[in-house]
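Encoded as structure tokens, the structure appears first; notes follow it.
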Amino acid sequence: MKIILLLLVVSLILAIGFLIAFFWAVKSGQYDDDYTPSIRMLFEDETTTKSNK
Amino acid sequence: MVENQIKASKNAIGLECTHCGEDCTESAILDEKNIFCCHGCQQIFYLLKDNNLENYYKIASQSGITKKNKEDKNYDYLDDEEIIAKLLDFHTGNKARVQFTLPDIHCSSCIWLLENIHKLDPGIQHSKVNFLEKKAYINFDTEKTSLKSIVLLLQKIGYHPELNFSKIAEPQKSIVNRSLILKIGVAGFAFGNIMLISFPEYLGFEKAASSFYLGYINLFLALPVLFYSGFSYLESAWYNIKVGKLGIHVPVAIGMLTLFGRSAYEILNQIGEGYLDSFAGFVLFLLIGKWFQDYTFQSIAFDRNYKSYFPISVQKYVLGEWQNVSINTIKASDQIRVRNGEIIPCDGTLISDKAKIDYSFVTGESEIILVSQLEQIFAGGKQIGPTIDIKVTKPVDQSYLTQLWNEKVFKLEDESKSTIILNKVSAYFTITILIIAAITFLYWFFIDKGIAFRSITAVLIVACPCALALSVPFILGNATRILAKLKFYVRNTTTLEKILDIDTYVFDKTGTITDSKLMQANYDGQPLSSKEMQLLYSLVSHSNHPLSQAICKFAQNASIINLDYFEESIGLGLIGKKGADNIKLGSISFILGKTENFSEQTVLLEINHKVKGHFSFHNPIRQNIDKVLNKLSNFNIELLSGDNEKEKARLQKILPNNTRYSFNQNPSDKLKHIQKLQDGGYNVMMIGDGLNDAGALQQSNVGIAIADEGNNFSPGCDVIISGSTFSNFIGYINYIKSLRYALYGAFVIAFMYNLIGLGFAVTGNLSPLVAAILMPTSSITIMIYGLGISKFLSFKLNSEINNNKNDPY
């Protein structure tokens with residue numbers, strides 16, 4: 001039983017890590033626009049010019 | 001107008017503009033390989049080509065935005081530091097960030113071009129587009145470029161930024177509700193983990209002494225669900241109780257607290273494992289429902305007010321020179337200057353000799369009003385023609401037009417977003433549950449006090465109106481999306497519920513019953529011979545004035561002859577000669593030389609120095625409107641018009657017999673008229689357009705704005721419908737009304753689940769396992785039912801719309 005407890009604690013810590021990552025993602029605006037990125041990723045990369053991002 | 005002629009003469013050969021793809025058979029500009037409809041398009045094409053941005057045309061078809069019929073605006077006010085500071089999101093050192101609303105964004109090419117805009121202006125460091133909100137966020141270096149040059153660049157490539165008074169007068173709200181997403185995340189996190197931890201116990205593994213630690217972990221995970229994710233439900237329930245209402249949030253809160261309380265009691269006393277997974281799942285499903293319901297159309301603004309239509313700045317006469325100042329600094333007796341095509345921001349008197357004001361913004365009528373010196377000019381009008389000077393009599397926020405917005409109706413907050421129907425049902429629901437709980441408690445109290453305690457909490461737990469609370473979000477939320485796909489944009493689900501109870505339909509005449517974009521000419525006077533018709537037709541075909549175009553249509557059966565002489569006096573009339581025949585067409589003052597007040601809408605025809613007759617103009621009735629209205633004849637129909645009664649006879653022919661008419665209504669009359677109907681116990685839907693209906697739209701239970709192409713008025717309305725789909729109006733209304741039965745169905749399903757649960761509860765047999773199965777099952781059933789039924793009911797509407805398309809009567 002003790003080993004289960006240990007496993008649970010480890011898994012919870014991991015899960016909380018994901019929760020924190022989720023908070024960060026939402027707060028940094030990644031969920032504000034769920035449409036444009038899906039188009040943006042389809043654009044061809046250009047080799048001739050350097051862009052900022 | 002030229003465009004129309006080209007379209008009319010369009011033949012089998014179609015030439016398409018390389019930039020915008022519009023047909024340009026007649027006005028084509030040809031160079032090496034490419035064809036353009038205008039020089040504007042040609043310029044953009046080469047600008048993009050020279051900067052290696054030709055991909056623009058490859059990513060999506062129809063990418064270019066035509067430059068035709070678009071006037072370039074004057075952005076001199078963007079030199080003013082004060083105005084710049086208000087427009088920028090932030091500005092530190094030489095780094096600045098600005099967001100523009102660009103209504104022209106329409107395809108993936110737009111995203112690509114706007115995000116590569118730094119190639120056209122090296123001062124731009126980074127730009128990012130939000131497609132659904134039609135916004136571009138641009139970071140730039142203030143030393144290398146300026147806000148003004150960015151705006152001019154955007155204008156040059158066809159994206160006219162929406163810069164208006166509201167942009168600086170009101171804080172920009174973010175549309176996405178981030179905190180709701182976070183709450184869902186927390187609830188989901190807790191739900192999953194508690195489920196995982198509770199799982200071994202459901203499978204009946206032996207209980208070790210240490211298994212109670214699992215309970216503590218669960219309790220720890222459930223705390224943020226109660227105090228963060230679900231807290232708004234508790235708050236809202238508390239508020240409901242304080243005002244003596246039993247809204248849906250009351251039983252929700254009772255359920256949540258009992259679930260959590262009993263679980264905590266069991267865990268802390270080590271007598272059981274509690275219902276915490278049901279608790280977290282309950283909150284999670286509720287939040288998902290809320291998220292689904294709150295879906296908004298990001299590119300459609302329902303809350304526009306006058307500030308969205310006014311410019312940011314205006315030229316004011318200060319100490320001997322004209323300066324650009326922000327319009328909220330304008331005071332009475334200031335002198336301002338308004339250029340061609342600009343909106344007049346405040347009431348005033350005219351200083352210049354003459355002005356021609358287009359009030360279609362305000363009244364929805366396309367009539368142009370002539371104003372002479374010292375006469376009143378009202379805010380919201382648009383100057384057509386040369387620059388005019390105005391002496392301000394009232395500042396912006398006190399003008400005739402904006403006073404509408406100061407009426408009480410605009411200050412009322414929309415009643416809480418929670419639903420009307422659900423709150424009604426939940427009052428009965430809550431009372432029933434409390435009675436059952438009391439009876440159960442009393443029954444067991446005399447037999448076994450332990451069971452009494454367990455069963456009363458069990459009753460309250462299974463009575464959780466989870467399924468009930470999800471019915472409205474999923475049925476009506478999905479209906480909102482379906483309707484939006486069919487071009488019927490509803491502000492929120494509460495609007496749909498209000499439509500269910502509508503029994504009185506009030507129509508505005510201009511722009512609603514009639515089509516303000518079209519003009520029809522009526523001729524009164526001596527009959528014209530075919531030769532005279534020929535003369536007339538040849539004369540008006542030279543002119544692009546809207547009234548000439550209307551007369552052109554009137555005389556279109558005649559053939560064209562070449563005139564020997566033609567002259568157009570802008571805004572007055574036309575003169576033509578053919579052989580010995582003279583023809584003159586124009587306003588009364590133009591023909592008779594009188595300068596009295598006159599309506600510009602009357603045009604006199606003079607042939608060989610004799611007045612033959614006159615033309616009057618009206619807007620034709622919108623297509624199919626008679627069919628729409630006659631299907632509504634079971635309800636009360638009212639017609640409001642700012643005009644006089646002269647068109648009553650014409651309207652009576654098309655409108656159902658029970659229609660009641662009110663003419664000469666000014667904006668505040670309209671508002672009061674709606675109020676009076678509501679005081680009489682009617683639920684009123686107002687259908688209108690234009691700013692002059694804004695008050696009435698806002699006051700009515702449901703305000704529907706008709707948006708024809710090109711004008712996006714949506715003042716204070718709940719629904720926006722496009723003029724082209726208005727003939728399906730009844731279909732939409734019938735669909736929405738059929739949702740009532742879908743809701744009743746959902747209530748029945750929800751109660752069935754509650755009954756099953758109650759069966760377990762009153763007998764004291766509700767185990768955590770039963771609760772953990774029952775609650776998610778009921779929620780998911782309702783979700784699937786809600787999505788399915790709203791889709792199913794829309795099939796009829798869909799086929800109706802398709803029929804209307806195929807069969808344009």
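Overview of results
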quantity: Subset of segment B:102-119 [open to solvent by 20 Å² or more (accessible area, probe 1.4 Å), within 14 Å of chain A (Cβ to nearest Cβ) and either of a type in the set (D, E, K, R) or within 24 Å of the chain's Cα centre (by Cα) (or both)]; calculated: B:His106, B:Ser108, B:Glu115, B:Lys119
quantity: Given (1) at pLDDT 90 or above; (2) open to solvent by less than 60 Å² (accessible area, probe 1.4 Å), index of the condition A:Ile13 fails; calculated: (2)
quantity: Only listed residue being at pLDDT below 80 and surrounded by 14 or more Cβ atoms within 10 Å (Cβ to Cβ), chosen from B:Thr393, B:Thr363; calculated: B:Thr363
quantity: Test for B:Leu234: is it farther than 16 Å from B:Gly281 by Cβ and at pLDDT 90 or above; calculated: yes
quantity: Failed item in (1) at pLDDT below 85; (2) closer than 24 Å to B:Ile749 by Cβ, with B:Phe453 passing the rest; calculated: (2)
quantity: Residues (part of a helix (DSSP H, G or I), in contact with a helix residue (DSSP H, G or I) (Cβ under 7 Å, 6 or more places away or on another chain) and surrounded by fewer than 18 Cβ atoms within 10 Å (Cβ to Cβ)) located in segment B:517-542; calculated: none
quantity: Test result for B:Gln698, in contact with a helix residue (DSSP H, G or I) (Cβ under 8 Å, 6 or more places away or on another chain), open to solvent by 40 Å² or more (accessible area, probe 1.4 Å) and under 19 Å from B:Ser727 (Cα atoms); calculated: no
quantity: Failed item in (1) assigned to a strand (DSSP E or B); (2) open to solvent by 10 Å² or more (accessible area, probe 1.4 Å), with B:Lys498 passing the rest; calculated: (1)
quantity: Exclusive hit being facing chain B (nearest Cβ under 8 Å), open to solvent by 60 Å² or more (accessible area, probe 1.4 Å) and either more than 16 Å from the chain's Cα centre (by Cα) or modelled with pLDDT of 80 or more (or both), set A:Ser28, A:Ser51; calculated: A:Ser51
quantity: Contacts under 6 angstrom Cβ, first residue in segment B:187-203 being more than 11 Å from chain A (Cβ to nearest Cβ), partner buried (at least 22 other Cβ atoms within 10 Å of the Cβ) and modelled with pLDDT under 85, 6 or more apart; calculated: B:Glu201/B:Glu273
quantity: Exclusive hit being more than 14 Å from chain A (Cβ to nearest Cβ) and touching a strand residue (DSSP E or B) at 6+ places or on another chain (Cβ under 8 Å), set B:Lys95, B:Lys86; calculated: B:Lys86
quantity: Counted residues, segment B:209-252 - those being of a type in the set (Gly, Ala, Ser), exposed (fewer than 14 other Cβ atoms within 10 Å of the Cβ) and more than 14 Å from chain A (Cβ to nearest Cβ); calculated: 1
quantity: Elements of type helices (runs of 4 or more DSSP H) contained in segment B:556-673, each with 3 or more residues being closer than 21 Å to B:Thr504 by Cα and open to solvent by 50 Å² or more (accessible area, probe 1.4 Å); calculated: B:625-630, B:648-654
quantity: Scope segment B:760-772; condition open to solvent by 40 Å² or more (accessible area, probe 1.4 Å) and over 16 Å from B:Phe279 (Cα atoms); matching residues; calculated: B:Phe760, B:Val762, B:Thr763, B:Asn765
quantity: Test: residue in segment B:59-79 that is away from every other protein chain (no Cβ under 14 Å) and over 31 Å from the mean Cα position of the chain (by Cα); calculated: yes
quantity: Every residue from segment B:47-60 that is modelled with pLDDT of 80 or more and open to solvent by less than 60 Å² (accessible area, probe 1.4 Å); calculated: B:Leu47, B:Leu48, B:Asn51, B:Leu53, B:Tyr56, B:Tyr57
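The values are calculated or read from the model by the stated rules, or taken from the named source; none is laboratory data. Since this is a predicted model, take the numbers as computed values, not measurements. Backbone-built Cβ (ideal geometry, glycine too); neighbour counts: all protein chains shown. Surface accessibility is based on the protein's heavy atoms, side chains included, excluding ligands, DNA and RNA. Shrake-Rupley method; radii C 1.70, N 1.55, O 1.52, S 1.80 Å.
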